[in-house]
Every structure is written in structure tokens, then in C-alpha cells.
1. Taking 26 Å as the cut-off for C-alpha to C-alpha distance, list the pairs among B:K12/B:K583; B:K49/B:K72; C:K53/C:K124 that go past it.
2. If each residue of separation counts as 0.36 nm, what is the full-extension length gain between B:M391 and B:R443 once their alpha-carbon separation is subtracted?
3. Using a cut-off of 15 Å between beta-carbons, work out the net charge of the residues near A:A177 (Lys and Arg +1, Asp and Glu -1, A:A177 not included).
4. So for the pair B:N243, A:S10, with labels modelled 7 Å out along Cα→Cβ, what separation do we get in nm?
5. Counting other beta carbons within 10 Å of each Cβ, put B:M562, B:M391 in order, fewest first.
6. First measure r as the distance between the Cβ atoms of B:L154 and A:S55, then evaluate 1/(1 + (r/R0)^6) with R0 = 51 Å and state the FRET efficiency to the nearest 0.05.
7. How well do other chains shield peptide B:698-710, expressed as the mean number of their Cβ atoms within 10 Å of each residue Cβ?
8. Quick one: compute the contact order of region B:528-661, relative version, from alpha carbon pairs under 8 angstrom and 6+ residues apart, as a percent.
Amino acid sequence: MYKFHYQRASSVDEAREKYSASDEPRYLAGGMTLLPALNLRLDRPSTLLDIGHLSELKGIEENDRGIKVGALSRHRDVSRSDLIQEKIPALARLAGSIGDPMVRNRGTIGGSLANNDPAADYPAAVLGLKATIHTDKREIDADDYFEGAFETALEQGEIITGVTFPVPEDAGYGRLANPASRFPLIGVFVAKFSDGPRVAVTGAGPGVFRVSEMEEALSQNWSAETVKDISVSGQDFSTDLHASAEYRAHMITVMAERALSQ
Amino acid sequence: MRFGIGQPVRRKEDPRFLTGRGRYVDDINLSGQTRAVFLYSQYAHAIIKSIDTSEAERAPGVVAVFTGQHYKADGMGPIEPEMMPEDMGGPKGFRTANMPLAVDRVRYVGQRIAVVIAETEALARDALDLIEVDYEELPHVTSAVEAVKEGAPLIHEEAPQNKSFTLKMGNGDSIDDVINSAHHVTRMTIHNNRLTALTMEPRGCIGEYNDGTGRYTLYTSTQNVHGMKHVLSHQILKIPERNIRVVAHDVGGGFGMKGELYPEEAIATWAAAKVGRPVKWISTRAEAFLSDDQGRDLTVEAALALDQDGRILGLKWDGLHNVGAYINGAGCVPILFSLKLAPTVYDIPVVAVTNAAVFTNTAPTIPYRGAGRPEAVYIMERLMDTAAREMNIDRVELRLRNFIRSDQMPYETKTGWVYDTGNYAETLNKCKVLADWDGYDARKKASESRGFQRGRALIYYVDNTGIFNERMEMRFDTDGNLTILSGVLNHGQGHETSFAQMASEWLGVPFENIRLAQADTDEVSLGRGTYASRSTMVGGSALRAAADQVIERGKSLAAHFMETDADKIEFEEGNFKVKDTNKGMSITEVAQKSSLKMGVPGHLGAGLEGTGAFWSPMPSFPNGCHICEVEVNLSTGEVAIDKYTVVDDIGNVINPLLATAQIHGGVVQGVGQALFENIAYDDNSGQLVSGTLMDYAVPRADCFSDINVDFNPNASTTNPLGVKGVGEGGAVAATPCTMNALLDALSSVGVDDLPLPATATRVWEAIQRVSA
Amino acid sequence: MVKLFKSLFGAPGADESKSTQKSDPVASSPVEAGQISDHSDLITVAMTVNGEKISRQVEGRRRLVEFLREDLRLTGTHVSCDTAQCGACTIHLDGLPVKSCAVLACQADGSDIVTIEGLADGDKLHPMQEAFREYHGLQCGFCTPGMVMSAIGLINDNPSPTEEEIRDHLEGNICRCTGYHNIIKSIAAGGQAMKGQNNV
């Protein structure tokens, strides 16, 4: 890695202050994305601000808006939470499918969402469940949060403090893993709410997005059968060593069916 | 005998590995050591016009920066092929000279151009950024098929059409007539794709120079210390062998990839003398993908001619083997072995096979688990299943009809191998029973009820194992305990255990008191290393000869101690007895007494020891049946192995626990090639696109089910132990077995061919193409 | 004619443009809260490793795996990849298996670390280590420490895993020698043997 200053913050405010005082700062939460990238010398921050110990960003609790998951909740915590397993089991399953057990013991939802890797799992759940992202400054609706691969609505230095997931009537997650990276080649999160269904897709390339045609069809009939013949255009999707854009496009339908069959 | 031959003895070496006390090369640190980091070529093919290292040299902590110019100015030499066909009476080819640091031209993106030596690795990498290289890019070609076409860029001007040499084997003057007149001809184009060994321990080394004695020491992770020493002495440093010591402690996997000298080892050794301090280099995983020599990469046009009963009349194939930018080490071996083994287990009257070594702007290819035999068996077993389908003959029946029969053994193939023993039909039938072949329909229905398409395949493989001679020594110390000095080189195979089992059984020495010494050219005077599944066959047979000498000398010593003649001494279960009496001495006592300072006449030696050597002019031929059942998800193309059964004829089995595990490991690598693994170069840029584990899909535990293994031993006649090699057969057999099973599953939807690897995307796309 | 500043490998122009200055003019930070103090470039970290309290000064960029291997000379934890995928570097941090290549030593300040060297009790192997030996769950041994630490983590969460659960758990532990077959058997047996013992 290139050299950097390592600093710990003991509060969110202190983290913001230090961030503003640094030339090229990065927040460090679980480190599962940032540290391998630094190890490969793909990034060169001047300062690493470790916010991984901030207790105010931890905790999973229920309130009248749904389930609030602290930004520093590890994937392990979300997958094993009795509350989430009871209320949004598909979210617990998604968290339990990220990476591998060791990665899940460190990686955090805040880190995942701040990074917004186009092949990450969480964006599909957050967009699919129309969650609210809480930051140290404001609340951002899921529909306004994701701005394309690795791009979000967060301002410089803004810290995610938690995510509130409304509790759906039903939800599911279908995931097709890249055999090398084990990231989702395609992941489809479906959720049924009283005001309509949501279908969110990750892994295709351009960042997480919703499939309105599927949502409309599902509002009539919530079942795997419904989406069987709905195809999505792969025009903007990635073609790489592992999958063509066309394959990814077709897998959206297959994974949606899988999600709906759960 | 609990620790004897044939017992599943648990390994002596395990405690240190289980408790984190193994000693791999990165665990070694020498006083004053520096760290080296290499600069790799940006381009697949380019002239190096200049390299400016001046800023790098001034960077903090930098001790030295060297380029090919420095290396060449010191009179150091290139890495050349260990052998070329012309060295064995074959046609003359172009012999490449690969300077460890490129001098004026680079020919692949992994080629090393410069080295920075600094106090720490991080400081070396910081300085690496400061090196300026002035390249003149040249056109490149990465595929062998393209490289031989007219107008393709020449990798070496001396090799027209980018061919170093072409080899021909067989008796095939009449092959075209055979094909033209045959009842049926199956034709296929088959590409056996390129892989990387991906040893869990990456390569690494420490070079050290003692300016008082003028001796170099190279600590490294290798399969062959003596081979390395030889190359360092004769090719690289051009100094007498006695001034070089090569040492390996624990080696974390090899698979053939670590069987030769690499540029980094040459440079670390040379540079240690230049900078006057040890030079340590450890590969990162990304550097390993880029710069480890790679495996396979053969494209063939093949034809199998059969009569109306499905009897094979002739086999023809013409291959282009992508040898990469240079022929390194044993790079010719896969080309040779693929030809020699081409007819595999079938009695084929006319065989005509050719294989050309083709240069491209990619990493050099060298032996990787199987080294040419996986290629040969893949071609043959794909042809057999395809012919069976085309002729509507049962796939198993077609094989049985064409097998070399046990009463034909020893059988000379038309390519010049002589198979010693084997009962292929019997082994096949045993495997079918073990695999519950007849119960398949129920499993197929069960898969279908869960939404999967089930398929299966049965293949039969043969392998050629064992090469070169070998030397083993047995030495007793003054305590009467035994050390085996081994010319082979254990890197996971369990030699500390298997050789101790043998010695324990032959000499009656307690198993736990036997030490294995290996992998140090100062301690072991001669050896060949471990590869080609040779260690038990050749090493074990040499050990047998050493044990015989120990017994012979022991008899003379015992006779002296017991005051009788040597011909009155018998040796049995660790004891030297005087015939027809109760007098006896244990081997331990004889060893102890023989090492006393007084009382032993000089002609009997001082201390008990024995040396043995073994050579077989012909390899041994392990063979076996693999049966694979897969489940395919037709909507995603994903394939999972659901049942895998092996019955193997590896001759006599020394340790079934270790032997079975070799088969497991080989099978998983073979399946890896069939379904997941692929080294890919981008044709347009010449860059390696599969450069990390994010892109190169190595199999994980969740890709498999149990692998059920049993043995059907037919003792080998090539060596006194009756063993055949076991290290590579799994990898040889599993790739065609998996692919044939997958195609069986897809036959119902009309897919009859797939490329390697058959990734989910490719499976799915093939399904789409036939339904369109 | 192309003049290039070097990047380690990769397509020309693929890397971000990097300054070739030798040192960044970064202002040194004041002393931090808690146990982390940052005088010049070195930070004091304190943690418990295999039951022993240790304290050292490290650079911010020092990874836990480097700290263990080089500063503490605990070379049983291995490095086998650079993308935090292979699992050879797995250790226990505060009771959970993590990849020490993707944790900074500074992050581990105040933590309880157990490495492969901390499992055995003198010559008495941990039941999981014993099971790997009994079931021949290792060949070259390089992936083994990470495999054993990961396996213990699984059993701590799930004392009687099915074969499928064991295989799924090993998604982050790559082995190239064994084909996993005997590793699965070892873990199943090790898990059984761990019942009734104190968890690591």
C-alpha cells in the first residue's frame, strides 16, 4: 500500500471534522473493499479515517417505520438477526450470501452502500425495499440514492449512519454468482408492499435499477409465473470474461423467478 | 504391520503444518536481507528502446536497480529449454534464449524488464513507479492458430510461421487411405485451454552470496533443487556447480509449475553477489497470474475412423501447441507426451499424430499436472463419445470393443510406448458397480423433479508416469536411527510418511525414528525432483535398492560382530540372525556398533549406510475408469458435480490414504478445467485479462460432491515395487469425464459440443443457439 | 515511440495517473483519542495475541497479516492472494474468523487475536487440528492454518453442520491440493470432537 495517516474517530462529528481537515481522506469501516484496493495500489488516500468503532452506528432495532439497521452492522449481524429473520427474511438471506463467512464478519452495510459497487448485493435490497438511508446530515430515499456504478447521492464526507427498511408483505432475492469473484453476476430483489411491488436488479453493470415492467405485472399477480416471459434489454449491460450482456439480461428474468419462488 | 506398506498411515509431517510451524520460503528471513520487486512488460510485444532507472535508484531505501543491460554486461546467461527434440534424436527446432531481464525486446506481458532491490518491499514498489521505459510497440499475436497464419507477426525471426519444431508420431503413412475408406469418420476441432497452476504458495526465493567462500545459496520454492543448481551453474552464472547450493524447506504446491528455474531465481542469485546482501523476492498473486509459466493450450484437428461395428481403424490428429513466447524448462514435454499417449487405451492399428510448438506473445507453457497426457486423453475420450453418438452405439460398449485387452499386455502402441499391465475391462466394470451405474434412471428422475437435467459419462484413461533415474541414500546415525536422503522432492505428497513406511517395512526400523532429508543440494548429492508422478515408482525403487545395500552391508557387519561369516547371516524383520542359532542383533544395534571409533575394520566401512539407484527405460502406465454425474440448470447454464466415482489401477498401493487424496486433488483440478478455469489474453491488446482470483475461477468446495475412489491393482512390471504413479491421473481423466457428462445432460436439448471451460454463460449460450 | 511511467502491470493508461513525487506533504496529525497515538508516521497498537498482551509501533498501512508474520514472527498465517479471497490468512479476531490481509494492525488495536499457533495446548493438538491429521485434510499445508481457523469458526456457530453447510462455509478458503474431499471429512469429525470442549 502507499503510505497514509491512520486516524480513529470517536464520534461521527469528529469523523466529519477530520475528513474536512484532510487532503485525500477515506472512511474505513469494515475494510473488505477498501483494504484490498489499497493493497493493489489502486487508490492513494492521504488519510484513512477509521469509523469502525463508532457505537452510535451499530445496532438493529424495530421502529414504526420498519427496521433500522446501523451503518456499522456487519453482514453477519444482519443475516443472524432474529428480528430481520422474522420480519424480512429475504434481507437476512441476502446478507448471508455476501462474500464468504470471513468477509461477512467484517463487511458493513454502510460501507457497501457508500461504495455502491455495481456488483454488490445490498443495493438490490435497499432499492427493492424502498429503504431510507440516514446520514449524519439528512435522510435519502433509496430511489434518490443510487446514481450509477460507484456513484451515490452522498456529498463529500457525508457519513451513512443507518438504513431503515420498511417491512414488506413478502420479499425474495435471487442471486447468480460469478464463479470467480462470487459476486452476483445478477441479483434480483423483489418486495411486495401494499402500495405495489418493487423489483431491483444488481450486477448488470450500470448500477442497481428497477424493472418497471415486472413491477407492473406483479402488481396484478404476485408470482414467479408472472415474470417468466418478461425480458429486459441488455443494451447497457456489461460483457466481460464471465458473461455477455445478453446472458445477464436473461438471467434477470430467471433470478426474478427464483426470488419469487422463495 | 501398522506402519507398513499398504497401510493408511497418518502423516508424520502434519503436526508442523497444523500448528503453523511449516517453513515456506517467505517464512525465512536472512540477516541483512533486501527485498526485490520486478518490473513487468507493459506490452505483449515491443522493442525496448531505453530504460531510465536513475530516479528509481535515488528513491528512499533503494539499494540497486538492474536491467537486462547490467545482467548481460556481467556475462550472465539466458534460460534455455532443458531439452529439445533434437537432443533426443528428433528434428531440429528453434531453441529460445530467455534472458531473465529482457535486453532489447519483450515478447509477453509477464516478461521481466528490471528489478528494484530495496530495504523493504513497500519501498521497492514505491521506486518501481519511477522507472521510465521507452517502448516501441510491435504487433502481437496470442493464439497459436493465428500465429501460424501467413502475415502473423513473428515472435522469433528464426522461427518461420512461429513454429519451433513439429513432431510426428505413429505409423500413419496410410492414415488418409484408412480415413477415406472407413465406414464412419468422426471429426472434431478441439481446443484444450490454457491454465495456471495456482499453487497456494506463490513462487519466491532468497539469493545469498558468501564472498568469503565464493558460494551462492538459493533458498526457493521448487520441485527440483538439483535441476535448478545445474541451470544456475551452466546457463546463468557460468560457475562450477560446487559453488552453488539450492535449498527448499517446505514447498506449498507445485503441479509442475515449479519444476524449473525462473528469471526471479536467476536474478536474486546473481544480484545477491552484486549488492553484497541477501535478496528476497516473493510473488504476489497478481504477479503469479502474470509471470508463472502456464499449462496446456493445444488446438487439434482430429479424425477417428471406425468400421461399421465401431472398431477403430485409425486415429489422426494435427495439433498446434501454444508454447508461449519462449520454451522454458520442460516446455517441450507436453508436446511430446501428448503424441506418445495419443491412442490412449485403445487398440488402434493406424495412428498418425503431429504436434507443433508454436510461439505466441503469451507466457511460456510448461508441464502442468499431466503435461500432455490430459490433452491426449481429452481428445480421445471426446472422439469416443462423439463417435458413439454419431453411430448410435452405446458409449461404454464402444470403449469395451476397442480396449487393449489384458492378454495383449505388454502392448506396444503405434507411438512407441509399451504398456506393461492393465485390465481395462475389469477395472471399468468394477467402477460401474461402485458408481451404481444401473441405478442411474432413478437419480435422473430425482434430478428432474428438482428442476435439473442430469447427465453422466464414463471415460477410461491411461497415463505415463515415471521418468529419469533416481538416487536414494539411507544413513544410520550413531544412535542407530535412520535418515533417508531423497533425490525426489516432496511438496505435499507425504514422502516423510510413505518413504518411512517403506523403510520401516523393509528394514524393521521404527517408523517414528526415520527422518527424511531432501531438497538441499549440499545434503543430497544427486536427485531429479518430484514431477511426472515419479516419486514412488522411481524414488521408491531406488530406495528399495538402497535398502538392499544396507542389508548386504549390515550382514557383513553383523557377521563381524557375531564372529561368523556373512553368508551365515539372515536378515528378517529388522534382525540379523546367525542361521540355525539363536544369535542375533537388531539393525539398530548393528548401526550403533558400526559407528564406534574402534573395533570395526576399515573395509566394512564406518557406520551403516546404503545407496541405491533406479531407472526404467519405460514409464509405468496407471489407468482407470472415471464415472461422473452432473446436474445442469438449463435456465442458467450452471453445472454441478453430483456424483463422482473412480476405480484406479495404480499398481501396488503403498499408502491408500495418500494415494486416494492425490486422486481427489487431480479430479478437482480436472473438473476445474472443464467448468471454470481459463487463462485469457485479450487478442486486441495482448494483455492478460484473467489476472486475479476475481477473474480466474478456481474451484471451491461448494462445486463438488464426494469423490468415491477404489483401486484395482495390476502390479507394474517396470519396477520392483510394482507401483504405477498416481499424482496426475485424476487431472488427466476428470476433464473429459466432466465434459462428456455435461454433453450427455445437454443431448436432450441438442447441444453436442462445448468449449473448455464450459462456464454457465457458454452452456446457456449453446442452448440458446440450438433452440434458435 | 511511447514513453511511459511504470505501473506494475496492466494496460497502458489503465492505471490512475500517479504522482511520482517521493513523499507526500501530509501534515502530521495530533495525538488521537483512545489508545491510538500518532507521532510522526508510527502508531502504537496494543492487542492480545494468543493470550499474550503485546504492544508495538506500526505504520498505518501495516496489515494485520504482516504484523503477525513479520513483527511478531508468527509465520503460520499465510498470504496467498491479493484480493482477500483465498482465506489462507484467516485468524480469529474477537472470536470470529477474519481475513488478516484485509484488516489493518491499527484496526485490531484493543482486540483479542488467536492465530493457528495459539490453538494447540503444548503438544496437545486442538480437536480440529487432530481431525485434519486423522482424515488427511492437508497435503502441502499452505492453506491449512486458514482452513483450520475458518473451520473452528463454523463449528462455533453451527456445532453439527451438514456436508452442504461445510462446503458452503468454505467459499472463502481455497485449497489446490486436496480437492476438499478430506477437508470436509476433517471438519465434520473435528466438529464432533469439539462438542463438550471449550470453544476457541
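What follows draws every value from the coordinates through simple rules; no lab data is involved. Just so it is clear, the structure is predicted and the values come from calculations on it, not from any experiment. As a convention, Cβ positions derive from the backbone with ideal geometry for all residues, glycine included, and neighbour counts pool all protein chains shown.
1. Values: B:K12/B:K583 34 Å; B:K49/B:K72 16 Å; C:K53/C:K124 23 Å.
Long pairs (Cα-Cα over 26 Å): B:K12/B:K583.
2. Working: separation 52, 0.36 × 52 = 18.72 nm, distance 2.65 nm.
Here the answer is 16.1 nm.
3. Details: positive: A:R93, A:R104, A:R175, A:R182, A:R248, A:R258, B:R700, C:R167; negative: A:D100, A:D117, A:D121, A:D240, B:E638, B:D695, B:D702, C:D168, C:E171.
Net of charged neighbours comes to -1.
4. So the label points at B:N243 and A:S10 sit 6.3 nm apart.
5. Details: B:M562 18, B:M391 15.
Arranged by neighbour count, lowest to highest, B:M562, B:M391 become B:M391, B:M562.
6. 0.15
7. Numbers: counts 8, 6, 14, 18, 10, 3, 5, 5, 5, 4, 1, 1, 0.
So the per-residue partner count for this stretch is 6.
8. Numbers: 158 pairs, mean separation 27.4, N = 134.
Relative contact order for region B:528-661 comes out at 20 percent.
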